[in-house]
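Contents: one structure, followed by commentary.
Coordinate-derived values only; no laboratory data. Values in this document were obtained by computation on a predicted structure and should not be read as measured data. Neighbour counts run over all protein chains shown; Cβ positions are idealised from the backbone, glycine included.
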Amino acid sequence: MKQVHSSVTAPLILLFLILAQPLFAGVPQTTYLKMADNFFIVYDPSTSMDVPYKQTGLTRMAMEKKIIRESSASLPELSWQAGLYPHWKGGLWLSGSPEAFAPYYRLHNFDKKAYNLAIDRLPTTPTGPPMLQIALMKLEHLLGIAGQTQVFLFTDGKDSRIKGVPEPAPLDETKKLAKNYDVCFTIISSATGKKEKKLLDDMAA
């Protein structure tokens, strides 16, 4: 199952709505039913996100951080495994190397206080070029944990593959992940170009 959202402002409470719902609608209580067992948020700190977002006075990157912070505030603690990772954080990517993942919050039990501290540390200045392909390659090494995993992928659909370097195309990698793992993608898109919009639509098909 894959989903795509074309507006970066739409999912302000998206994480809460997908990951947890009240057990009985309309009944005030604090009991929730988990809609996923694990979740990752994949943050895009690239140069292409360092541009104004509409008339908000924020860059796309700052809006990403705002969305994640507001969504996290709505999340109850329901014993998830959770992770918060960048697409890329500079340096050499060595496939599968623990040092190459550069997490803001390494995959482990969800601790809301610690997770919120990690969100506070999310950069709002770019750390490198767009690396969508690296983000998806990371997930191949992080998925496979027990239960269903929800991946919230922030992206404008751009990558920086180099001719001659054996890195998979984002669409091919997404299809492989969806085939091999119990994973649901929610793509929070800020794509503006036709090529990038089509890529993200195809990734969500």
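Just to be sure I understand the model, the point goes 7 Å from the Cα along the line to the Cβ. What's the resulting residue 79 to residue 117 distance in nm?
Once both label points are built, they end up 2.4 nm from each other.
Return 42, 151, 51 ranked ascending by Cβ neighbour count within 10 Å, so the fewest neighbours appear first. Working shown, then result.
Values: 42 23, 151 26, 51 13.
Fewest to most other Cβ atoms nearby, the residues stand as 51, 42, 151.
In what order do 140, 64 fall by count of nearby beta-carbon atoms within 10 Å, going from fewest to most? The partial results should precede the final answer.
Numbers: 140 16, 64 24.
Ascending Cβ contact count within 10 Å gives the list 140, 64.
Could you state the number of Å between the C-alpha centres of segment 148-168 and segment 44-93?
Cα centroid of segment 44-93 versus Cα centroid of segment 148-168: 16 Å apart.
Given H placed 1.01 Å from N in the peptide plane, which residues other than close sequence neighbours of residue 80 have an amide H under 5 Å from its amide H?
Counting only residues 5 or more places away or on other chains, the set is 110.
Take residue 179, project a point 7 Å from its Cα along the Cβ direction, then tell me which residues of segment 137-162 have their backbone nitrogen under 11 Å from it.
Those under the cut-off are none; the list is empty.
Treat the count of other C-beta atoms within 10 Å as a stand-in for reagent exposure and order 154, 39 from fewest to most. Present the calculation step by step, with values, prior to reporting the outcome.
Numbers: 154 27, 39 24.
Placing the least packed residue first, the sequence is 39, 154.
Along segment 42-55, what does the Karplus equation 6.51 cos²θ - 1.76 cosθ + 1.60 (θ = phi - 60°) give for ³J(HN,Hα), rounded to whole Hz, x for Gly and Pro?
Per residue, the Karplus-derived 3J(HN,Hα) values read 10, 8, 9, x, 8, 4, 6, 8, 8, 9, x, 9, 6, 10 Hz.
List every residue whose amide H lies under 5 Å from the amide H of residue 183, counting only residues 5 or more places away in sequence or on a different chain, with H placed 1.01 Å from N in the peptide plane.
The answer is 149.
Give me a comma-separated list of calculated 3J(HN,Hα) values for segment 121-126, in order, Karplus coefficients 6.51, -1.76, 1.60 applied at θ = phi - 60°, integers in Hz, x for any Gly or Pro.
Ordered by residue, 3J(HN,Hα) equals 8, 4, x, 10, 10, x Hz.
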